[in-house]
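Structure first, then comments.
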Amino acid sequence: MSRRSGPGSAGAPLGGRPPPPRDAEPRGGGPRPAGEGGPRGKRAGFDVAVIGAGAAGMMAAAVAGQRGLRVVLIDHAERLAEKIRISGGGRCNFTNIGTTPAQFISRNPHFCRSALSAYGPRDFLELVERHGIRWHEKHRGQLFCDDSSERIIDMLRAECDDARVAWRMPCSVHTVERAEGGFRLSTSDGGIEARHLILATGGMAIPQLGATDFALRIARQFGLRVVEPRPALVPLVFDAAQWAPFAELSGVALEVVLSNVPGAGGGGEAAAQGRPGGRGAGRKGAAPAAAFLEDLLFTHRGLSGPAILQISSYWNPGEAIEIDLAPGKDIAAELLAAKPGSRQQLATVLAGLWPRRLADQWLAQEQGDMASARLADVADRRVRALAERIHRWRLTPSGTAGYRKAEVMRGGVDTDELDQRSMQARRVEGLYFVGEAVDVTGWLGGYNFQWAWASAVACARALAQ
């Protein structure tokens, strides 16, 4: 499905109210060198300071500005919104039309409900179409730009400009302190004071693009609890010796059902006692059981592809994962049905059900001579045992590929510390956290962008009340 809207438009503002009159105090006209819009070193005062000009930051700044607040948007990067730019293979998977709270992981799985219900995928899609951005639905509700993620960046920048947001970029924030009536920031562009402060600096994923733990450090500075951060939506790696038999399969891809096994370690290639039956509630503070039907990719060091990225958000060090390498098939039944009178080798028959390289390599790891045996000569019990290992391959990753390969960060500011309607810290009036910095992590497929939009809008609307 693909859509085209009318020509680019400032249209109705994000916040649902008319923008301030054009003769109001100027607040900037887009990203520009630090210091423009006010003398360097002179303390500037605002209603709202937003640190982080990514998806959540620009959204929050635009909505707050369009509702009449004086907003400054600060970012240390030289180039605007690099994570948006590279997302979705450069086309930005900007939302998922099927978003519900069920696609998010958090110590409090209900925390995201309020923001997502108040600003959903169709609300953001309406904004996209007002700006004339063509889009298409690629896979399971995932919406992408037809041409380039730059269109989303341009849209958010235009919304900020329409709201007369003042830009400080590149501009590093050195310290954040409480001040009378709000907060005082010491920056590379001088002092900034604001009644309200929004942390929208994201998490630690992709540090090569400038990602840091800045939001978490500020949270701890003000005494807020932080759920241990970890890489998420990230490839899993394995001990070199354990993975050696499968390294030659690098490049092989197939659809699988992949499950995590909470609290279970070890197991190697052995069959396991049962598989989690879909998502469960899990104990507070631990990722629940989950199962995904997605593509799996073998690599030199381990496993990747959408299936692994999805399950990595639920996986904890030391735990096992379990893979059905032939979902929707009954390998035992199909092999046994083909067995009578068959003169073919088992490897040939199995290759008819599986990628040939995988069939050959898998049988090479089996005991005995199964790699060269005729199917008719293999005992039924051995056929069933082989099928069991194929459908329930259990192994234990040694770790993840780390933040450099992760798409997002799991964990963040504890949701118990925040008001779910406004994103404000319960114990620090005027301090807000939005987007990836919060302990709300979405599945692969546009969900994390939708959380960025929704949490930012919830915050900005609350500020304007």
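The values are calculated or read from the model by the stated rules, or taken from the named source; none is laboratory data. As the structure is a computational prediction, the values presented were derived from the model and not from experiment. As a convention, Cβ positions derive from the backbone with ideal geometry for all residues, glycine included, and neighbour counts pool all protein chains shown.
Below, the figures for the structure above:
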{"quantity": "Those residues of the stretch 310-333 which are of a type in the set (A, V, I, L, M, F, W, C) and either farther than 20 Å from F104 by Cβ or in a loop (DSSP other than H, G, I, E, B) (or both), in sequence order", "calculated": "W315, A320, I321, I323, L325, A326, I331, A332, A333"}
{"quantity": "Positions within the stretch 236-251 being surrounded by 15 or more Cβ atoms within 10 Å (Cβ to Cβ) and closer than 15 Å to T396 by Cβ, in sequence order", "calculated": "L236, V237, F238, Q242, W243, F246"}
{"quantity": "Subset of the stretch 166-201 (residues that are buried (at least 24 other Cβ atoms within 10 Å of the Cβ) and either among the hydroxyl-bearing types (S, T, Y) or farther than 19 Å from G430 by Cα (or both))", "calculated": "A166, W167, R168, D189, T201"}
{"quantity": "Count of residues meeting criterion [assigned to a helix (DSSP H, G or I) and either under 26 Å from R70 (Cβ atoms) or of a type in the set (G, A, S) (or both)] in the stretch 172-216", "calculated": "2"}
{"quantity": "Qualifying residues in the stretch 202-219 (those that are among the aliphatic types (A, V, I, L, M) and under 13 Å from E436 (Cα atoms)) - the one surrounded by the most Cβ atoms within 10 Å (Cβ to Cβ)", "calculated": "A215"}
{"quantity": "Among residues of the stretch 334-347, those that are outside any loop (DSSP other than H, G, I, E, B) and loosely packed, with under 15 Cβ neighbours inside 10 Å, counted", "calculated": "1"}
{"quantity": "Sole residue being among the basic types (K, R) and touching a residue at least 60 places away in the same chain (Cβ under 8 Å), chosen from R301, R356, R374, R343", "calculated": "R301"}
{"quantity": "Residue in the stretch 272-291 that is more than 21 Å from S106 (Cβ to Cβ) and either acidic (D, E) or modelled with pLDDT of 95 or more (or both) present", "calculated": "no"}
{"quantity": "Test result for S149, of a type in the set (G, A, S), modelled with pLDDT of 95 or more and within 29 Å of the chain's Cα centre (by Cα)", "calculated": "yes"}
{"quantity": "Check on S250, on the phi < 0 side of the Ramachandran plot, at pLDDT 95 or above and touching a His at 6+ places or on another chain (Cβ under 9 Å)", "calculated": "yes"}
{"quantity": "Filter result (in contact with a Lys or Arg (Cβ under 6 Å, 6 or more places away or on another chain) and touching a residue at least 24 places away in the same chain (Cβ under 8 Å)) within the stretch 168-190", "calculated": "G182, D189, G190"}
{"quantity": "Contacts under 8 angstrom Cβ, first residue in the stretch 308-322 being at pLDDT 95 or above, partner basic (K, R) and not in a loop (DSSP other than H, G, I, E, B), 6 or more apart", "calculated": "S313/R410; A320/R394; I321/R394; E322/R394"}
{"quantity": "Unmet requirement for Q361, which otherwise passes all of (1) surrounded by fewer than 20 Cβ atoms within 10 Å (Cβ to Cβ); (2) out of contact with any strand residue (DSSP E or B) (no Cβ under 7 Å at 6 or more places or on another chain); (3) modelled with pLDDT of 95 or more", "calculated": "(3)"}
{"quantity": "Which listed residue is on the phi > 0 side of the Ramachandran plot, buried (at least 24 other Cβ atoms within 10 Å of the Cβ) and in contact (Cβ under 8 Å) with a residue 12 or more places away in the chain, from G65, G52, G90", "calculated": "G52"}
{"quantity": "Top-ranked residue in the stretch 382-440 [being part of a helix (DSSP H, G or I) and basic (K, R); ranked as surrounded by the fewest Cβ atoms within 10 Å (Cβ to Cβ)]", "calculated": "R384"}
{"quantity": "The lone exception for G302 - which of (1) at pLDDT 65 or above; (2) out of contact with any helix residue (DSSP H, G or I) (no Cβ under 8 Å at 6 or more places or on another chain) it fails", "calculated": "(2)"}
{"quantity": "Residue tally, condition touching a Ser or Thr at 6+ places or on another chain (Cβ under 9 Å) and assigned to a loop (DSSP other than H, G, I, E, B), over the stretch 357-381", "calculated": "0"}
{"quantity": "Out of L418, L375, L386, sole residue that is assigned by TED's automatic domain parsing to the domain that holds W354 and touching a Phe, Trp or Tyr at 6+ places or on another chain (Cβ under 9 Å)", "calculated": "L386"}
{"quantity": "Of residues in the stretch 330-368 being farther than 25 Å from F238 by Cβ and of a type in the set (K, R), the one nearest to the chain's Cα centre (by Cα)", "calculated": "K339"}
{"quantity": "The stretch 228-256, residues that are part of a strand (DSSP E or B), more than 27 Å from T415 (Cα to Cα) and among the small types (G, A, S)", "calculated": "A253"}
